[in-house]
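The values are calculated or read from the model by the stated rules, or taken from the named source; none is laboratory data. Since we're looking at a predicted model, the values are computed, not measured. Virtual Cβ from ideal backbone geometry, glycine too; neighbours counted across all protein chains shown. To get the accessible areas, we keep the full protein, side chains included, count just its heavy atoms, and leave off ligands, DNA and RNA. Shrake-Rupley method; radii C 1.70, N 1.55, O 1.52, S 1.80 Å.
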Amino acid sequence: MSVKEATKAVPAPVHATPEPPRPAKGHRAWDEAPRWQIYLPLGIYLLFTLVPFYWILLFSLRPAGSTSLVPWPMTFDHFEKVWTERSFGTYFGNSVLVGVATLLMTTLVALAGGYALARFDFKVKRAFMLALLCSQFVPGALLLVPLFEIFAELQMINSLGSVILAETVFQLPLSMILISNFIKNVPYSLEEAAWVDGCNRMTAFRIVVLPLLRPGLIAVGSFAFVHSWNHFLFALMFLNNQDKQTIPVGLNSLMSADSVDLGALAAGGIIAAVPVVIVFAFIQKWLITGFSAGAVKG
C-alpha cells in the first residue's frame, strides 16, 4: 500500500464541539433568575390560597363562641350537627349519586360522539363542531326555563334524574370536543391493522383504541363529576323536597337572613371539599395527561 493510499485510509480526526464556559462557583448565569424572584411570588400565591382553607378548618374545629386563632380545644360537634341534625348525610348520598351518574352518562355519550367526529366525515360536521363551540358561551341560567318546562311535561320535577340529565347536557359539548381531539391523536393505522386481523370496528375500538383513551376518559369524567358535585343552580330549581337536595343546596340552607352558623357552615364546606380533594389526589397524573393531549389538535 502506498503512502497516499494509507493516508486516505486513516480517518480524519473528529473535533469535539467545545463546551460553553460554565459560570464560576458563586456566580449565576445571565439568564438564570435569582431564587427570591421564584419563591416570593409562589409564597404570596400559597398565602392567599391556604389562608382561606385554614380559616374554614379553624371555624369547623374550634368550639362555638371561641375567638382563638388555633383550633384548641378541638371539637367535632359542628360536623356531628350538620351530618345528623342538618341532614348532610342525605345530601352527601344524593350528591354522590348525581356525580357518578353524570360521570357515566357524559363519558359514554361523549365517547360515542367524539369517535364519530374524529373518524367520520359528514356534510354538517363543521357546522356541528361550530354549534358545540358556540354552546359553551350559553350560560346555564339561560337553560333553566326551557329545561324546567321539559321536565315538568315529563313529570321529572323533584327527581334526581332531572338534575342528572341537565348536568349531562351541560357537560357534553366540551367533553365531546376533548374526546374527539384525543381520539385524533391515536394513529388510524392501529385500527386498520386490527381490521386486517379480522376485528370489526367495534372490536378494534374496544381492544386497540379504548385502552389508549384512559387519560382522556379520566379527565372528562373527573371534570363532569366535579362540576355536577359543585353545581348549585340546577339542584335548587328542580328539587323541592329536602330529602332530594344535594350538598350545595344544603350549604345554602345553613345561611338565613338573620344569622349564619359559621361553625356548621365551615364543617359543611369541609365535608363538601374532602371527596373532591381525594379524587384529584388519585387521578392528577392521568388528569394532566388527558387535558394536555385532548387540547392538541390532531
| Residue within the range 139-155 that is surrounded by fewer than 18 Cβ atoms within 10 Å (Cβ to Cβ) and either closer than 30 Å to Phe205 by Cβ or in contact with a Ser or Thr (Cβ under 6 Å, 6 or more places away or on another chain) (or both) present | no
| Pairs where the first residue, in the range 183-201, is closer than 16 Å to Phe120 by Cβ and of a type outside the set (A, V, I, L, M) and the second is open to solvent by 70 Å² or more (accessible area, probe 1.4 Å) and not in a helix (DSSP H, G or I), C-beta under 9 Å, 6+ apart | Lys184/Val296; Lys184/Lys297
| message | With the structure loaded, tell me whether Ser135 is touching a Pro at 6+ places or on another chain (Cβ under 9 Å) and either surrounded by 13 or more Cβ atoms within 10 Å (Cβ to Cβ) or in contact (Cβ under 8 Å) with a residue 12 or more places away in the chain (or both) or whether it fails that test. | response | yes
| task | Working only within the range 257-274, note down all residues that are farther than 10 Å from Phe59 by Cβ and aliphatic (A, V, I, L, M). | result | Ala257, Val260, Ile271, Ala272, Ala273, Val274
| field | Check on Phe48, open to solvent by 90 Å² or more (accessible area, probe 1.4 Å) and either at pLDDT 85 or above or under 15 Å from Gln245 (Cα atoms) (or both) | value | yes
| Hits in the range 112-161 - residues which are of a type in the set (Lys, Arg) and part of a helix (DSSP H, G or I) | Arg119, Lys125, Arg126
